[in-house]
Amino acid sequence: MKLIPLLALLLLASQPATMLITIDSSGVVEAHLSLKTIEGLNEVRLPVEPIPETIKVRVGSEYVAAIYENGILYFFSPMPGDAEITYMVNISARNNILSFDIGGENLTRLRMPPQVILLTVPRNITGMEYVEGDLVIEFYGPERIEYAVRAGATTQPTITTTRAETMTPTMKTATSTVETIKMVITITQTGTTSTHAAESTGKLGISLTDPAIIVGLIVIVIIMVVAILAYSKSRGRGMPGEDHTLTKLDRMILESIENAGGSILQGELQAALGLPKTTLWRHVKKLGKLGYIQIVKEGTLNRLILLKKPSRGFSPSS
């Protein structure tokens, strides 16, 4: 009789978590995991490193307390069922290139808006589509994701993909300024050949097995990446990587809001600190999600209201 609970435990534990990772237009990354729980203590290895303060666990319709330690999340479930885990991903930044790592071999859905430029291509892609203007890529980990964020937006091309279990893409479609190109990718279930049709003012058949086409596309992608990095550097200094705890700049922002009486317009704060608009907005959004400030719209302006202070105060050395 003791084997029945054990078998049930192994069955639930063997079911992989379904993960959705979203990158918003400012570069902030959030992870959403859906999984089955067992009654009692659950241990879940998070496939992407979180900012621990942002972790939320919901079992059924109730939120439960959780503890994160050494890559593993511990929480208690009163009964077997479905659980949802959400959190902000801890990203790193270097030379205006943002990145994070995805561990494990589970199926991952990565969703990003047109403002996000993907600099690395996942290897084990199983599908790709556009959903409400956002690009959604399905792939299996492990994988390292590198990306950059650009200002403004361009019209995205329409891409229709026929999925197959044997789908093995060998390249990434790079589009940032082209508005009229339509690509149709048809991949056979049992074969290895692909037919690609591109339409601009007419139709032209392209074979991916042609070395000249492959070399040309690689050169185009390299030129685009170099241009993006040069443009980003011209806009100002790089954004610091976010850590588990508040950074010196986070504390400086909170201190400035407190010194202004606990409320200040975002434009006034930007002028006072002398920060680039995108850098300030990234930290403001982070502080808002961590519950330190509230962002209130006043017409076309943002007012920042201080809700709480860090436990260690505003010392830059903390």
### Message
Considering only residues that are among the acidic types (Asp, Glu) and closer than 18 Å to Asp101 by Cβ, which ones fall in region 27-83?
### Response
Glu30, Glu49
#### Entry: Residue identified as within 11 Å of the chain's Cα centre (by Cα), within 20 Å of Pro50 (Cα to Cα) and among the β-branched types (Val, Ile, Thr) among Ile85, Ile97, Ile102
Ile102
### Query
How many residues does region 62-115 hold that are assigned to a strand (DSSP E or B) and not aromatic (Phe, Trp, Tyr)?
30
## Note on the structure
Here the residues within region 237-266 that are small (Gly, Ala, Ser), at pLDDT 90 or above and surrounded by 13 or more Cβ atoms within 10 Å (Cβ to Cβ) are Ser256, Ala260, Ser263
### Task
Return only the number of the condition from (1) of a type outside the set (A, V, I, L, M, F, W, C); (2) farther than 30 Å from Leu287 by Cβ; (3) part of a loop (DSSP other than H, G, I, E, B) that Gly27 does not satisfy.
(2)
### Message
Step by step: first the residues of region 27-55, then only those that are surrounded by fewer than 20 Cβ atoms within 10 Å (Cβ to Cβ) and in contact with a helix residue (DSSP H, G or I) (Cβ under 8 Å, 6 or more places away or on another chain), then the one that is nearest to Val149 (Cα to Cα). Which residue is that?
### Response
Val28
### Message
Based on this model, can you work out whether Asp134 counts as at pLDDT 90 or above and within 30 Å of Glu39 (Cβ to Cβ)?
### Response
no
### Candidates Leu11, Leu46, Leu41 - the one that is out of contact with any Lys or Arg (no Cβ under 7 Å at 6 or more places or on another chain) and at pLDDT below 90
Leu11
### Task
Please enumerate the residues belonging to region 93-107 that are closer than 17 Å to Ile23 by Cα and of a type in the set (S, T, N, Q).
Asn96, Ser99
### Task
State yes or no: is Pro316 touching a helix residue (DSSP H, G or I) at 6+ places or on another chain (Cβ under 6 Å) and at pLDDT below 85?
yes
### Query
Under the condition of being out of contact with any Gly (no Cβ under 8 Å at 6 or more places or on another chain) and part of a loop (DSSP other than H, G, I, E, B), which residue from region 296-313 is modelled with the lowest pLDDT?
Gly313
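The values are calculated or read from the model by the stated rules, or taken from the named source; none is laboratory data. Given the structure is predicted, the values throughout are model-derived calculations rather than measurements. In this analysis, Cβ positions are derived from the backbone assuming ideal geometry, glycine residues included, and neighbour counts consider all displayed protein chains.
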